[in-house]
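Some notes on the structure that comes next.
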Amino acid sequence: MSGNGFGHTFRFTTFGESHGPAIGCVIDGVPPRLPLAEADIQPWLDARKPGQNRFTTQRQEADQVRILSGVFEGVTTGTSIGLLIENTDQRSKDYGDIKDTFRPGHADWVYEQKYGLRDYRGGGRSSARETAMRVAAGAVARVILDHLAPGIMIRGAMVQMGPHAIDPDKWDWDQRTENPFWCPDSEAAKGWEAFLDGVRKSGSSTGGVVEVVASGVPAGLGAPVYDKLDADLAKAMMSINAVKGVEIGAGFLAASLSGQDNADEMRMGADGRVRFLSNNAGGILGGISTGQDVVVRIAVKPTSSILIPTKSVDRHGNEIEVITKGRHDPCVAIRAVPVAEAMMAVTLADHLLRHRAQCG
C-alpha cells in the first residue's frame, strides 16, 4: 500500500490497523535539540480519544503514547522519531457478521477491488483509528512551531452539526471546552445535544462542519505553483477519514462575491505594516501566507456505520441488507476537530521548515 505518509521536510508515516496490536508513526525532519517528551504529546491525544462522553464511540482506548526513538536526554536528536500506541479494546467479533459483506458508505468494496482482500475488523487501515497517529505527529509539529515561530496558535471548532449551524456573532473560543462538541456557541451546543441524542437513539448518524484557524502565522509560508500552502492544506484535510469537502477562507461563497467585495483591500497600519480590511482569502494569496489568520473549513459526512438496515451486496454477488454492529460515533465530526488541528500543525511546520531552508 502506497501513500502512508504526508509532508516533505517535516514528514510522518503511519502504520497499523484498527484491530491490530498497535498503531504508530515515524516522523522525519524534526530539528535537533528541541525539548520533547511523551507529556508534550499525550494531552492532544487525550482530546481525540474515544469513549469520553455518550456522543462518541464507547471504545475505551487509553491512547497512551510511547516515544521509541529520536529523543535522548529529553531533546530531539535530529533522527527519526518513532511513536507507538497499543490497541487495548478491540472487539473484532463485532465484525464477524460482515466479513463477506460490503457496507454502504465504507471502503469495503473498493478495497476488495484494489487488493483482492480486506481487513474487515473495524475497517483495518481505513479506520479513523489511524488518526490518533496524525494527532501525535501534530503534537510534535506544534513543538517545532512553538520554538521556531512562537505566537502561532491553532484552534478548531465544530460550527455545524447536521443542518444546525452556530451563530457566528456568538462565537466564543472559551466555550469549546464547556461542551462535548468543541462548539464555540453555547446556545447552539444545547440544541445539538438534544438533536444528537435523537439521532443516536434512532440508530442513525449525522455529519458536521469543522473550522480550523491558525493565528500568528508569519507571511511568506508556501510556494506559488504546485506547493501552494492552501493546496497542501486541502490535501491534508481531505486525507482525514469522512471529509468530503474543504474550504479556504470564503471558500465557495467567493464565487458569489463581486471582485471588489472579495478583494481583501489593504491599508498601512499605524505601526508601518500592511493591514487587510477583510480575509476572504483565508490568510493565503497565490499559495503564500499573508500573515492573517489561516482559516480552513471541512465538511464531514455522517458516520457510515449505522443500525438502520441499508441495501448492499456481498462478495458472492447476493443482494442483501446490512446493519453494522459495534461501537460507532453518531457524529464523527466531533472527534475530527483535534485531527484537523493536527493536520494544520503538520502542514504549517512542514512549510516553515521548507521556507527556512530556502529563504533563511
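The values are calculated or read from the model by the stated rules, or taken from the named source; none is laboratory data. The model shown is predicted, which means the values in this text are computed figures rather than measured ones. With ideal geometry, Cβ positions are generated from the backbone for all residues, glycine too; neighbour counts draw on all protein chains shown. These accessible areas exclude ligands, DNA and RNA; they are computed on the full protein's heavy atoms, side chains included. Shrake-Rupley method; radii C 1.70, N 1.55, O 1.52, S 1.80 Å.
Can you give me the span-like helices of the chain, meaning DSSP H runs with 24 Å or more of Cα extent along the axis and Kyte-Doolittle mean at or above 1.0?
Span-like helices in the chain: 131-148.
So, counting K/R as plus one and D/E as minus one, what does the shell of residues with Cβ under 12 Å around His351 add up to?
On the way: positive: Lys228, Arg354, Arg356; negative: Asp227, Asp230, Asp232, Asp350.
With Lys, Arg at +1 and Asp, Glu at -1, the net is -1.
Note down the relative contact order for the chain as a percent, whole number, built from C-alpha pairs under 8 angstrom at least six residues apart. Intermediate values should be presented prior to the final figure.
Numbers: 747 pairs, mean separation 79.5, N = 360.
For the chain, the relative contact order is 22 percent.
Placing unit charges on C-beta atoms (Lys and Arg positive, Asp and Glu negative, everything else neutral), compute the dipole magnitude of the range 316-360 about its Cα centre in debye, rounded to 20. Kindly include the intermediate steps, with their values, before the conclusion.
Numbers: 5 positive and 5 negative charges, 59 e Å.
The calculated dipole for the range 316-360 is roughly 280 debye.
Considering only protein heavy atoms, what per residue accessible area in square angstrom results for the range 259-351 with a 1.4 angstrom probe? Numbers along the way, then the final one.
Details: 4330 Å² over 93 residues.
That works out to 47 Å² for each residue.
With the chain treated as a Gaussian network of Cα nodes joined by springs under 10 Å, which of Ile27, Ile323, Ile144 yields the largest mean-square fluctuation?
Ile323
When Lys and Arg each count +1 and Asp and Glu each count -1, what net charge do the other residues less than 14 Å away from Leu148, Cβ to Cβ, add up to? Each step should come with its number before you reach the end.
Values: positive: Arg33, Arg142, Arg354, Arg356; negative: Asp146, Asp350.
Combined, the nearby Lys, Arg, Asp and Glu give +2.
Alpha carbon centre of the range 191-209 versus the range 258-302: separation in Å?
34
With unit charges on the beta carbons (Lys and Arg positive, Asp and Glu negative) and the dipole taken about the Cα centre of the chain, which residue among Ala281, Gly208, Leu68 sits farthest to the positive side?
So the residue furthest toward the plus end is Leu68.
About the Cα centre of the chain, what is the dipole size in debye to 20, counting +1 per Lys and Arg Cβ and -1 per Asp and Glu Cβ, all else neutral? Don't skip to the end; give the middle numbers.
Working: 39 positive and 43 negative charges, 138 e Å.
Here the chain has a charge dipole of around 660 debye.
Going toward the positive end of the dipole of the chain, with +1 on Lys and Arg Cβ and -1 on Asp and Glu Cβ, which of Phe12, Ala299, Val346 do you reach last?
Phe12
If you take the beta carbon distance between Ser215 and Ile320 as r and set R0 to 56 Å, what does 1/(1 + (r/R0)^6) give as a FRET efficiency, to the nearest 0.05?
0.65
Specify, per residue and in Å³, the volume enclosed by the convex hull of the alpha carbon atoms belonging to the range 157-229. Numbers along the way, then the final one.
Working: hull volume 9.5 nm³, N = 73.
Cα-based convex hull of the range 157-229, divided per residue, equals 130 Å³.
Please give the charge dipole size of the range 177-256, origin at the Cα centre, charges +1 on K and R Cβ atoms and -1 on D and E Cβ atoms. Round to the nearest 20 debye.
About 280 debye.
Choose one of Gln160, Ala223, Tyr111: the residue whose Cα lies farthest towards the positive end of the charge dipole of the chain (beta-carbon charges +1 Lys, Arg; -1 Asp, Glu; about the Cα centre).
Tyr111
What nm value, rounded to one decimal, do you get for the distance between Asp97 and Ala39 when each label is placed 7 Å out toward the C-beta?
Result: 4.7 nm between the two label points.
If you look at just the Cα atoms of the chain, how large are its Rg and its Dmax in Å?
So, for the chain, Rg and Dmax equal 21.1, 71 Å respectively.
Restricting things to Cα coordinates, could you compute the convex hull volume per residue of the range 113-214 in Å³?
Details: hull volume 16.4 nm³, N = 102.
Given the Cα convex hull of the range 113-214, per-residue volume reads 160 Å³.
Any chance you could run the full-extension gain for Phe72 through Ala357? It's 0.36 nm times the residue separation minus the Cα-Cα distance, nm to one decimal.
On the way: separation 285, 0.36 × 285 = 102.60 nm, distance 2.48 nm.
Fully extending the segment from Phe72 to Ala357 adds 100.1 nm.
Could you work out what % of the accessible surface of the chain is carbon and sulfur, using a 1.4 angstrom probe and leaving DNA, RNA and ligands out of the count?
Working: 8770 of 16850 Å².
That share works out to 52 percent.
I'd like the Kirkwood hydrodynamic radius of the range 228-360, using the inverse of the mean 1/r over distinct C-alpha pairs, in Å.
Values: mean 1/r = 0.0555 Å⁻¹.
In the range 228-360 this quantity evaluates to 18.0 Å.
Give me D for the range 208-251 in µm² s⁻¹, whole number, from Stokes-Einstein with Rh from the Kirkwood sum over alpha-carbon pairs, 37 °C and 0.692 mPa s. Provide the component values of the computation, followed by the final result.
On the way: Rh = 11.8 Å.
Rounded, D is 277 µm²/s.
Counting Lys +1, Arg +1, Asp -1, Glu -1, what net charge surrounds Arg297 among other residues with beta carbon under 14 Å of its beta carbon? The partial results should precede the final answer.
On the way: positive: Arg155, Lys244; negative: Glu211, Asp230, Glu247, Asp293, Glu341.
Surrounding charge for Arg297 is -3.
Counting only helical runs of four or more DSSP H residues, what would the 222 nm mean residue ellipticity of the chain come to if each run contributes -39,500 (n - 2.57) and the total is spread over all its residues? Mind dumping the intermediate values first?
Working: 7 runs with 95 residues, N = 360.
My calculation for the chain gives -8500 deg cm²/dmol from helical runs alone.
Enumerate the residues in the range 110-154 having an amide nitrogen under 18 Å from the point lying 7 Å beyond the Cα of Trp171 toward its Cβ.
What the label zone holds, given the 18 Å backbone N cut-off, is 152-154.
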